[in-house]
Structure formats: C-alpha cells, structure tokens
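Engineer: Okay, here's the structure, questions in a sec.
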Amino acid sequence: MSLRALPALLLRDLRLAVRHGGESLMPLFFLFAVLILVPLGVGPGPNLLATIAPGMIWVAALLASLLALENLFRPDFEDGTLEQWWLGHLPVTGLVMTRLLSHWLITGLPVILFAPLAAQMLYLPDQALGVLMLSLLIGTPILSLIGGLAAALTLGTNRGSVLLSILVFPLVVPVLIFATGAVAAAADGFSPRAHLGLLAALLVLALTLVPLAVTAALRLNIE
Amino acid sequence: MIWKTIKVGFHRLGSAPSFYRFSTVVSPWLWAGFALCSVIGVYYALYVVPPDYQQSDSFRILYVHVPSAWQAMAGYVVMSILAAIALIWRIRLTEIMAMMCAPIGAAFTAICLATGSIWGRPMWGTWWEWDARLTSMLVLLFIYLGIMGLYAAFDDKRKGARVACILVLVGLVNIPIIHFSVEWWTTLHQGKTIRIFGESSMHYSMMPPLIWMTIGVKLMFGAALLDRARNELLTQDRRKGWVRKILSNKGD
Amino acid sequence: MIPELEYAVYVWSSYGIFAVVVAWQILQPVLYRRRLMAELREEQALQSGEYDDPNP
Amino acid sequence: MSLLLEARDVTFRRQGDRVFKPLDVELAAGNAVVVLGPNGCGKTTLLRLLAGILQPAEGAISRHAATAFLGHASALKAELTCRENLEFLRAFHGTPGISASRALSRTGLTGLGLRPARALSAGQKRRLGLASLLVSPRPIWLLDEPYASLDDAGGELVDELLAEHLAEGGAVALSTHQRKPKLASPAGELWVQRAPLEEPA
C-alpha cells in the first residue's frame with residue numbers, strides 16, 4: 001500500500017488546471033467582476049458598500065466555487081479515469097478528499113488571497129478583515145465539500161449544470177449566514193466567536209459526512 | 001426482530017402486482033377520508049369558529065396554512081425513512097415511494113408559502129417577510145425541487161432513485177441546520193414579528209378545525225402517494241407480463 | 001350562506017389555492033395513468049397487428 | 001495453479017433487470033479467457049464487475065491479486081503528454097513497473113512521449129493504453145476489446161504482451177469481436193448470454 005497515489009493525483013489535477021489556464025483564473029475573474037459591478041450598480045457610497053461587503057465577497061466565493069464544479073468529476077467520468085479509482089489499493093474516499101482539496105486550491109484559495117484587496121475596495125472596516133479571512137478559511141472548504149457532493153450526485157445525468165446550482169443553493173444557506181454574520185459582527189464591534197464556532201462545527205460535520213456521501217454517489221453513477 | 005419484520009413486510013408488499021392491487025383498493029378510501037375530514041374542517045373553520053380578537057378573520061387562513069406546513073415537514077420525514085430503507089435494503093418499492101413523496105411535499109410547501117404570504121399581507125403589510133419560518137420553507141421547497149429534478153434527470157430510474165435518496169438523507173441532516181441558521185439570522189436582523197400562533201395562546205375553541213384539516217391532509221398525502229407510486233410502477237414495468245395482463249383484463 | 005368575513009379576499013384566495021393544489025394532486029395521477037394506459041394499449045395493438053390506424 | 005480471481009453466479013442489474021445470465025468465472029495464473037457474445041449482451045459489464053468497478057447484484061467475486069482494467073475509454077488525460085500520462089499512472093496504481101520510456105518503445109510509440117494524448121490517433125491511444133498496463137504491472141488483466149482500432153502489427157503486439165504476461169504468471173480476461181488471441185495454449189471461452197425478463201411472483 002502506497003500513499004503516493006494521493007499526491008500524484010493532486011499534482012496531476014493541478015497540472016491540468018494550469019494547462020487549462022483561463023478556466024482556473026475564472027474564480028478570480030468572478031471575484032473582481034462582482035467587486036466592480038456591484039458598486040457600479042448600487043453607487044460608490046462607502047457606508048453602503050461597507051455594509052454589503054461581507055455578503056458580496058462571500059457570494060463571489062460561492063460563485064467561484066460553483067463555476068468549477070461541472071468539471072470536478074465529469075471529464076474523469078467521460079475519459080474513463082474515474083472508474084480506475086475503484087481498481088486501486090486506496091479507499092476511494094481518500095481520492096475523493098484529494099480531488100476536493102484540489103478544487104479548494106483552485107477556487108477557494110485565490111479568493112482568500114485576494115480578499116484583503118477586495119475588502120479595501122469595498123471599505124470594509126479594518127477590524128473585520130481578520131475575521132473575513134478566517135471565515136473564508138473555514139467556510140470555503142465547506143463550499144467545496146457541498147459542491148463536490150452536488151457534482152457527484154448529478155454526474156450520471158446529462159443536464160448537470162442547472163441541477164447543480166439548485167442542489168447547492170439550499171445546502172450553503174447556513175454557511176453564508178454564519179460567515180457573513182461573523183464579518184458583520186466584527187465590523188460592528190461585536191464578538192464573532194459564536195458565528196465562527198458554528199461555522200467550524202459545520203466544517204467538521206461536512207468533513208465527516210460529505211466524503212462518504214460523495215463516494216456512494218460516485219459509485220452509483222459510474223454504474 | 002423489528003427490522004426483520006419491516007424488511008419482510010416491504011418485500012411481501014414490494015412485489016409489484018400486489019402493491020398495485022393494494023393501492024388500487026386503499027387509495028379511494030383515503031381520498032374519501034380526506035374529503036370527509038376537509039369538509040368538516042372547512043365548515044368549522046369558516047362558519048363555527050369565532051373571529052380572533054387580534055387578527056379578526058384573517059387567522060382562518062391558518063387552517064390551511066398550518067396543516068400544509070406540518071405536512072411539508074412530515075412528508076420529508078416520511079421520505080427520509082423510505083429513502084433510508086431503500087438505500088439499506090435496496091427495496092424497489094420504497095425507492096419509488098420515497099421519490100413520489102417529493103412532488104406532494106413540494107405541493108404542500110408551495111401551499112404553505114403562498115398562504116403564508118397571503119396571510120402576511122394584511123398582518124405585516126407586506127407579501128414577503130424574511131420571517132424565519134417562511135425563509136426555511138422556501139429553502140425546503142428548493143430541496144424538494146432538487147430531489148425531483150435529480151430523479152427526473154436519470155434515464156435509469158432505479159439508479160436515479162438511489163442517487164436521489166442520498167440527497168434526501170443529506171437534506172435530512174441539513175434541514176434542522178438551515179432552520180436554526182435562519183432563525184438565528186432573523187433574530188439578529190429584525191425585531192419580533194407577530195407570531196403565527198402565539199405560545200399556547202390559542203383558545204380551545206379554535207382547535208377542532210385544525211385537527212380535522214391536519215388529519216385530512218395526512219390522508220390526502222397517503223392517497224396521492226399511493227396513486228403516484230402505482231403509476232410509477234406501471235411506467236417502470238411496462239414491458240413486463242403483469243402489466244400486460246392488467247391491460248388485457250380491463251375491457252375499457 | 002357564504003359567511004361575511006373581514007379580509008375576505010385573503011381568506012378565500014388562500015382556500016382557493018389549497019383547493020387548486022389538492023385538485024391537481026388528485027388529477028395528475030389520473031390523467032397520467034390514462035395517458036400511459038392508452039399508450040401501452042396502442043403499443044400492444046401494434047405488436048399483435050390489431051392496430052387501427054386512425055388516419056390512414 | 002493458483003486462482004487469482006473467482007466469481008460465483010455473478011450478474012448485474014440495470015433498471016432492476018438482470019443484464020446477463022449468472023456466470024461463474026475462474027482465472028488462474030497463466031490462464032487466458034476470451035469473453036464472447038453478441039453486442040449488448042453485457043461483456044463490458046462483466047469485465048467491469050470482475051474489475052470491482054461495479055458491485056455484483058447477485059453472486060460473489062473474490063480477487064486474490066491486483067487488477068488492471070482497460071476499457072473503451074483508455075483512461076488517459078487528453079491534455080497531458082503521453083509520458084505524463086504514463087508517469088501519473090505509474091505512481092497512481094502503486095506498483096511501479098518499467099519506466100515510461102521503455103513502455104513507450106515497447107508499444108511502438110517511441111518519440112511520441114512529449115505529444116499530448118489528444119493528438120494521438122485512435123490506434124495510438126490503444127497502444128498508450130497497453131503501455132499503461134506495463135508501467136504498473138498487476139497480475140489480473142481485464143481488457144475490453146483490446147484489438148479495437150489496432151492495425152495488424154498492433155494486434156500482434158497485443159498477442160505478444162499477453163503471452164509475456166501469462167508467462168510471468170498473470171491472468172487475462174478479454175472481450176473481442178475482431179480476432180482471437182493467438183497464444184501458445186489456447187484461451188478458454190466464456191459465453192455471455194442475455195438474461196430473460198423476470199416476472200414478479
């Protein structure tokens with residue numbers, strides 16, 4: 001039993017993402033599209049922008065994560081690489097986790113890295129920036145997990161993308177509420193601990209349950 | 001022991017022709033029961049119960065709103081139990097029945113949302129209030145729609161049912177979390193709105209129509225579920241002999 | 001006969017929505033079943049050669 | 001002779017119906033079995049069952065060695081070069097064998113290492129698929145239509161690789177429509193038959 005398969009898979013996924021180039025930059029493009037378009041829509045008033053900043057950054061993170069889901073398992077499903085997962089010596093759940101990690105590295109991490117810039121552009125109060133980063137750090141992996149589940153469930157259908165959004169939307173409601181709540185609380189000078197704690201609990205729950213559900217869904221869909 | 005009884009029971013009932021016969025006999029009775037209960041319930045609700053001192057007659061809306069809301073949630077619980085049985089023992093009948101719960105549950109969720117919004121117009125002065133219950137119901141509606149959409153998107157209905165059953169169980173874990181988060185969110189963002197039914201402030205004279213309507217709605221859920229499951233079974237087995245036999249037996 | 005209610009429009013439209021949705025829950029299976037049976041019967045007739053073409 | 005894979009009364013269900021009549025399969029070291037049957041009878045499904053990609057609806061399968069499966073889709077990434085594909089598979093399957101370069105030259109793809117897999121012809125893709133069997137040697141080979149889109153030389157290459165694999169104590173099950181493998185000892189034959197519709201009691 002060798003664990004080399006996991007880094008090999010991760011490296012290959014990242015290499016493919018780089019080779020697709022444009023596609024992997026889409027999350028960032030989305031973040032900035034939202035950052036520029038929303039002020040143009042609602043006006044440049046610092047107070048208003050500061051109020052909606054956490055929500056906007058989080059919606060951008062959500063859209064970025066949604067964007068890459070259609071390609072999470074489908075290309076592998078179509079070229080036969082996915083079924084090879086069941087031949088190996090490794091539990092499929094491990095491979096699923098690796099794939100979700102690469103999704104997070106491509107869609108979640110860039111948003112986190114550029115969040116300080118976005119926060120400045122939207123006049124988010126300074127004391128809220130740390131909490132924003134923390135909420136993204138805890139919350140975006142949940143987005144990847146839930147998105148991965150939706151992608152796995154819709155894999156065997158041929159009109160996946162619309163369904164994907166319908167499935168993801170209700171499941172991410174709590175993430176959005178707790179994460180933006182934390183940032184808003186910090187901006188207003190209250191303690192964000194309760195929100196962040198609940199968000200972390202969600203992450204733990206998602207980390208334990210989602211990979212199993214994804215594995216089961218993939219197994220059914222490759223039949 | 002009890003598990004075994006459930007399993008054997010479903011297997012016995014699970015044979016397609018026997019379920020077909022069972023549902024054909026039982027469903028009309030459930031519909032009749034629903035008709036009876038709802039006639040009594042509506043009569044009480046509109047004619048007998050006196051107007052509320054605070055809400056006047058608008059509270060009468062709640063006699064369709066609340067049973068629908070309860071059934072929307074109870075329907076999800078029924079669907080989850082069926083889905084769990086379907087995933088554990090791979091019994092086709094429970095797969096089909098779990099899937100057929102979704103459109104009926106969605107219908108009740110829709111009634112609940114529509115009537116809640118109508119009730120809110122005179123009471124809150126607005127068609128939509130980001131009230132915790134309404135918002136969770138809206139999310140529940142989307143979960144129902146997601147389940148229906150997922151099942152519909154598969155050509156192999158058995159595979160589709162099992163995949164959608166996973167979603168049903170994921171939803172079951174999520175619905176309390178969603179409800180809690182929305183409640184938390186609304187209490188942070190707004191003051192108290194009028195409670196739909198205040199804490200045990202309901203006068204006992206207001207109860208009977210609620211009870212009748214609730215029973216009626218439950219019977220209706222069962223009836224619609226049997227009807228839909230029977231149709232789904234016929235569709236899936238249309239190439240098989242037992243369906244052909246039913247076709248040729250019926251003269252009409 | 002018809003009770004005079006305050007907010008009558010709201011009350012009646014709520015009960016109306018309820019009635020319509022419930023009626024649809026009754027009708028949908030009946031209509032679907034009728035369509036399915038007609039189609040299966042036609043299929044069977046085609047297979048056994050007893051099919052009468054409605055517009056030859 | 002040691003058994004590498006045994007299957008008892010296995011079948012699979014699609015839309016609730018059996019795909020083929022339940023089958024027994026035994027693969028011993030040095031044995032080759034050709035899976036035969038008309039189109040759509042479930043040959044691919046059987047191979048995927050034996051590989052462990054599908055779980056049998058009935059019956060049981062036990063595998064006593066690592067398994068390789070080569071399907072219609074060659075499990076290659078179009079955007080990666082031939083060499084990158086092979087090197088990934090070498091690490092992924094956990095049983096590194098001969099180097100990517102050797103595997104490429106063995107399958108007649110010398111000089112194509114830097115070419116993206118999407119730029120290969122259908123026959124070259126099959127050859128690259130065969131190369132992937134060599135970079136991570138596993139005793140049980142399950143090959144779905146290995147002769148498809150290959151020229152005569154390619155067909156002979158498959159026969160040679162099969163012979164070497166069997167000589168090393170491997171076992172092979174393959175489906176085919178075109179040619180049957182020419183081997184020192186003739187391969188066993190396994191006929192897959194469509195299952196009749198079952199009626200509920």
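Engineer: Count, please, the residues in the range D:35-87 that happen to be at positive phi, under 17 Å from the mean Cα position of the chain (by Cα) and more than 7 Å from chain A (Cβ to nearest Cβ).
Structural biologist: Total meeting the criteria: 2.
Engineer: Determine which single condition A:LEU203 fails, assuming it passes every other condition in (1) within 21 Å of A:ILE106 (Cα to Cα); (2) at pLDDT below 95; (3) surrounded by fewer than 22 Cβ atoms within 10 Å (Cβ to Cβ).
Structural biologist: Status for A:LEU203: all satisfied but (2).
Engineer: Further, regarding this structure: Can you tell me which residues in the range C:16-56 are among the polar types (S, T, N, Q), over 25 Å from B:THR115 (Cβ atoms) and facing another protein chain (nearest Cβ under 8 Å)? Before the answer, list the steps.
Structural biologist: Taking the range C:16-56 as the starting set, the residues that turn out to be among the polar types (S, T, N, Q) are C:25, C:28, C:44, C:47-48, C:55.
Now restrict to residues that are over 25 Å from B:THR115 (Cβ atoms): C:44, C:47-48, C:55.
C:GLN44, the sole residue that qualifies.
Engineer: Looking at D:LEU150 and the list (1) over 25 Å from D:THR95 (Cα atoms); (2) crowded, with 19+ Cβ neighbours inside 10 Å; (3) more than 16 Å from the chain's Cα centre (by Cα), which single condition is not satisfied?
Structural biologist: Unmet condition: (3).
Engineer: Under 9 Å between Cβ atoms, which residue pairs at least 6 apart in sequence (or on different chains) link something in the range D:20-33 that is over 12 Å from D:GLU189 (Cβ atoms) with a partner that is crowded, with 20+ Cβ neighbours inside 10 Å and of a type in the set (Phe, Trp, Tyr)?
Structural biologist: D:PHE20/D:PHE12
Engineer: Now for a different question. Among the candidates B:VAL49, B:VAL66, B:VAL42, which residue alone is under 16 Å from C:TYR15 (Cβ atoms), crowded, with 19+ Cβ neighbours inside 10 Å and touching a Ser or Thr at 6+ places or on another chain (Cβ under 7 Å)? Walk me through it before giving the result.
Structural biologist: Working: B:VAL66 fails: touching a Ser or Thr at 6+ places or on another chain (Cβ under 7 Å); B:VAL42 fails: touching a Ser or Thr at 6+ places or on another chain (Cβ under 7 Å).
That would be B:VAL49, the only listed residue that is under 16 Å from C:TYR15 (Cβ atoms), crowded, with 19+ Cβ neighbours inside 10 Å and touching a Ser or Thr at 6+ places or on another chain (Cβ under 7 Å).
Engineer: Still on this structure, I have one more. Would you point out the residue of the range A:9-24, among those that are hydrophobic (A, V, I, L, M, F, W, C) and touching a Phe, Trp or Tyr at 6+ places or on another chain (Cβ under 9 Å), that is nearest to A:GLY108 (Cα to Cα)? Please lay out each step first, then the result.
Structural biologist: Taking the range A:9-24 and keeping what is hydrophobic (A, V, I, L, M, F, W, C), we get A:9-11, A:14, A:16-18.
Right, trim to touching a Phe, Trp or Tyr at 6+ places or on another chain (Cβ under 9 Å) and you get A:9, A:11.
Numbers: A:LEU9: 19, A:LEU11: 17 Å.
Per the criteria, the residue is A:LEU11.
Engineer: Right, next: Checking the condition under 12 Å from the mean Cα position of the chain (by Cα) and closer than 29 Å to A:LEU3 by Cα, which residue from A:HIS89, A:HIS103 passes?
Structural biologist: Values: A:HIS89 fails: under 12 Å from the mean Cα position of the chain (by Cα).
None of the others qualify; the one that does is A:HIS103.
Engineer: Considering only residues that are of a type in the set (Phe, Trp, Tyr) and touching a Pro at 6+ places or on another chain (Cβ under 9 Å), which ones fall in the range D:121-167? Spell out how you get there, then give the answer.
Structural biologist: We begin by selecting, within the range D:121-167, every residue of a type in the set (Phe, Trp, Tyr); these are D:141, D:147.
D:TYR147, the sole residue that qualifies.
Engineer: For the range A:107-122, how many residues are over 11 Å from the mean Cα position of the chain (by Cα) and crowded, with 19+ Cβ neighbours inside 10 Å? Break it down stepwise before answering.
Structural biologist: The first filter runs over the range A:107-122 and keeps only residues over 11 Å from the mean Cα position of the chain (by Cα), leaving A:113-122.
Still in the running and crowded, with 19+ Cβ neighbours inside 10 Å: A:115, A:118-119, A:122.
Adding up the residues that qualify gives 4.
Engineer: Now for a different question. Please go through the range B:102-145 and give me each residue that is more than 18 Å from the chain's Cα centre (by Cα) and within 12 Å of chain A (Cβ to nearest Cβ), ordered by number.
Structural biologist: If we filter the range B:102-145 for residues that are more than 18 Å from the chain's Cα centre (by Cα), which is where we start, we get B:117-132.
Residues satisfying the conditions are B:TRP130, B:ALA132.
Engineer: Across the range A:123-150, what is the number of residues that are surrounded by fewer than 22 Cβ atoms within 10 Å (Cβ to Cβ) and more than 30 Å from B:LEU167 (Cβ to Cβ)?
Structural biologist: Qualifying residue count, the range A:123-150: 8.
Engineer: Within the range A:180-202, can one find any residue that is within 19 Å of B:LYS157 (Cα to Cα), more than 8 Å from chain B (Cβ to nearest Cβ), touching a residue at least 12 places away in the same chain (Cβ under 8 Å) and in a helix (DSSP H, G or I)?
Structural biologist: No, because not a single residue in the range A:180-202 is within 19 Å of B:LYS157 (Cα to Cα), more than 8 Å from chain B (Cβ to nearest Cβ), touching a residue at least 12 places away in the same chain (Cβ under 8 Å) and in a helix (DSSP H, G or I).
Engineer: Out of the residues in the range B:222-252 meeting the condition of being more than 10 Å from chain C (Cβ to nearest Cβ) and surrounded by fewer than 16 Cβ atoms within 10 Å (Cβ to Cβ), tell me which one is nearest to B:MET148 (Cα to Cα).
Structural biologist: Out of the qualifying residues, it is B:GLY241.
Engineer: I'd like to check which helices (runs of 4 or more DSSP H) are fully inside the range A:51-160 and have at least 3 residues that are away from chain D (no Cβ under 14 Å), under 27 Å from A:LEU220 (Cα atoms) and in contact with a Leu (Cβ under 6 Å, 6 or more places away or on another chain).
Structural biologist: In the range A:51-160, A:126-153 are the helices (runs of 4 or more DSSP H) which contain 3 or more residues that are away from chain D (no Cβ under 14 Å), under 27 Å from A:LEU220 (Cα atoms) and in contact with a Leu (Cβ under 6 Å, 6 or more places away or on another chain).
Engineer: Evaluate the following for C:VAL21: is it modelled with pLDDT of 90 or more and in a helix (DSSP H, G or I)? Break it down stepwise before answering.
Structural biologist: Values: modelled with pLDDT of 90 or more: yes; in a helix (DSSP H, G or I): yes.
Yes; evaluated as a whole, the condition is true for this residue.
Engineer: Quick test for you: out of B:SER56, B:SER15, pick the one residue that is within 14 Å of chain C (Cβ to nearest Cβ), at pLDDT below 95 and surrounded by fewer than 24 Cβ atoms within 10 Å (Cβ to Cβ). Lay out the reasoning, then the answer.
Structural biologist: Working: B:SER15 fails: within 14 Å of chain C (Cβ to nearest Cβ).
Being within 14 Å of chain C (Cβ to nearest Cβ), at pLDDT below 95 and surrounded by fewer than 24 Cβ atoms within 10 Å (Cβ to Cβ) holds for just one of B:SER56, B:SER15, which is B:SER56.
Engineer: Still on this structure, please answer the following. Could you say whether any residue in the range B:188-195 is of a type in the set (Ser, Thr, Tyr), farther than 30 Å from B:LYS159 by Cβ and at pLDDT 85 or above?
Structural biologist: Going residue by residue through the range B:188-195, those that are of a type in the set (Ser, Thr, Tyr) are B:193.
Checking which are farther than 30 Å from B:LYS159 by Cβ leaves us with B:193.
In the following step, the residues that additionally are at pLDDT 85 or above were identified as none.
Scanning the range B:188-195, I find no residue that is of a type in the set (Ser, Thr, Tyr), farther than 30 Å from B:LYS159 by Cβ and at pLDDT 85 or above, so the answer is no.
Engineer: If only one of B:MET148, B:MET99 is surrounded by fewer than 21 Cβ atoms within 10 Å (Cβ to Cβ), hydrophobic (A, V, I, L, M, F, W, C) and more than 9 Å from chain A (Cβ to nearest Cβ), which one is it?
Structural biologist: Working: B:MET99 fails: surrounded by fewer than 21 Cβ atoms within 10 Å (Cβ to Cβ).
Sole residue among the options that is surrounded by fewer than 21 Cβ atoms within 10 Å (Cβ to Cβ), hydrophobic (A, V, I, L, M, F, W, C) and more than 9 Å from chain A (Cβ to nearest Cβ): B:MET148.
Engineer: Now for a different question. For the range D:109-119, enumerate the residues that are in contact (Cβ under 8 Å) with a residue 40 or more places away in the chain and surrounded by fewer than 17 Cβ atoms within 10 Å (Cβ to Cβ). Outline the logic, then answer.
Structural biologist: At the first step, the residues of the range D:109-119 found to be in contact (Cβ under 8 Å) with a residue 40 or more places away in the chain are D:117-118.
The answer is D:ARG118, and nothing else.
Engineer: Yes or no: the range D:187-198 includes at least one residue that is surrounded by 15 or more Cβ atoms within 10 Å (Cβ to Cβ), within 14 Å of chain B (Cβ to nearest Cβ) and modelled with pLDDT under 90.
Structural biologist: Checked the range D:187-198: at least one residue is surrounded by 15 or more Cβ atoms within 10 Å (Cβ to Cβ), within 14 Å of chain B (Cβ to nearest Cβ) and modelled with pLDDT under 90.
Engineer: Considering each residue of the range A:66-84, count those that are of a type outside the set (Asp, Glu) and without any contact (Cβ under 8 Å) to a residue 40 or more places away in the chain, and give that number.
Structural biologist: Taking the range A:66-84 and keeping what is of a type outside the set (Asp, Glu), we get A:66-69, A:71-75, A:77, A:80-82, A:84.
Then keep just the ones that are without any contact (Cβ under 8 Å) to a residue 40 or more places away in the chain; that gives A:75, A:80-81, A:84.
Of the residues in that region, 4 qualify.
Engineer: Something else: Right, D:SER175: buried (at least 22 other Cβ atoms within 10 Å of the Cβ), of a type in the set (S, T, N, Q) and within 20 Å of D:PHE69 (Cβ to Cβ) or not?
Structural biologist: On the way: buried (at least 22 other Cβ atoms within 10 Å of the Cβ): yes; of a type in the set (S, T, N, Q): yes; within 20 Å of D:PHE69 (Cβ to Cβ): yes.
Taking the combined requirement at face value, the residue satisfies it.
Engineer: Just checking, how many residues over the range D:1-25 are at pLDDT below 90 and within 20 Å of D:ALA171 (Cα to Cα)?
Structural biologist: In the first step, residues of the range D:1-25 are kept if they are at pLDDT below 90; the result is D:1-3, D:13-18.
After this cut, where a residue has to be within 20 Å of D:ALA171 (Cα to Cα) as well, the list is D:1-3.
Summing the residues that are at pLDDT below 90 and within 20 Å of D:ALA171 (Cα to Cα) in the range D:1-25 gives 3.
The values are calculated or read from the model by the stated rules, or taken from the named source; none is laboratory data. Just so it is clear, the structure is predicted and the values come from calculations on it, not from any experiment. Heads up, the Cβs are rebuilt from the backbone with ideal geometry, glycines too, and the neighbour counts pull from every protein chain shown.
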